[in-house]
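Read-outs: derived from the displayed coordinates by stated rules, not from any lab. In this text, all values refer to a predicted model and were calculated from it rather than measured experimentally. Reconstructed Cβ throughout: ideal geometry from the backbone, glycine too, with neighbour counts over all protein chains shown.
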Amino acid sequence: MSDPAPTNPQAEAEHGRIALWLDPEDLRWLAEHCCCAEDAPHEATDRCLRLRFRAGAALHKSGRNG
C-alpha cells in the first residue's frame, strides 16, 4: 500500500475546514457510532452521516481501516 497523499492545508482552509488529529481507535468509534434518536431531524442525521463517512475515509486513507 502506498503512503497517503498529504493534506493540503491551504485547500482545506479554503473549504473552511480545521485540522483535527485523532487516535485510530477514536476514529473507528466515530465511524461506527451514531447517537441520533430515531426521530432526529434530517439535518442532524445528515451531519452524523458526514462525520462517520469522513472518519471512515481518514482510517482508509491511513491504511488503518482493518
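Restricting to DSSP H runs of at least four residues, report the calculated mean residue ellipticity at 222 nm for the chain, -39500 (n - 2.57) per run over all residues, nearest 500 deg cm²/dmol.
On the way: 3 runs with 36 residues, N = 66.
Rounded to the nearest 500, the figure is -17000 deg cm²/dmol.
Starting from the Cα gyration tensor of the chain, take the square roots of the eigenvalues, sort them a ≥ b ≥ c, and report rounded, prolate or oblate (rounded when a/c is under 1.5, otherwise prolate if a/b is larger than b/c, else oblate).
On the way: a/c = 2.75, a/b = 1.42, b/c = 1.94.
Cα axes put the chain in the oblate bin.
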With Cα coordinates, the longest principal axis of the chain makes an angle with the long axis of helix 42-62, in degrees rounded to 10, of 30
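Using the beta-carbon distance between residue 18 and residue 54 and R0 = 22 Å, what value does 1/(1 + (r/R0)^6) give for FRET efficiency, to the nearest 0.05?
Working: r = 12 Å, r/R0 = 0.56.
Working from the Cβ atoms, E equals 0.95.
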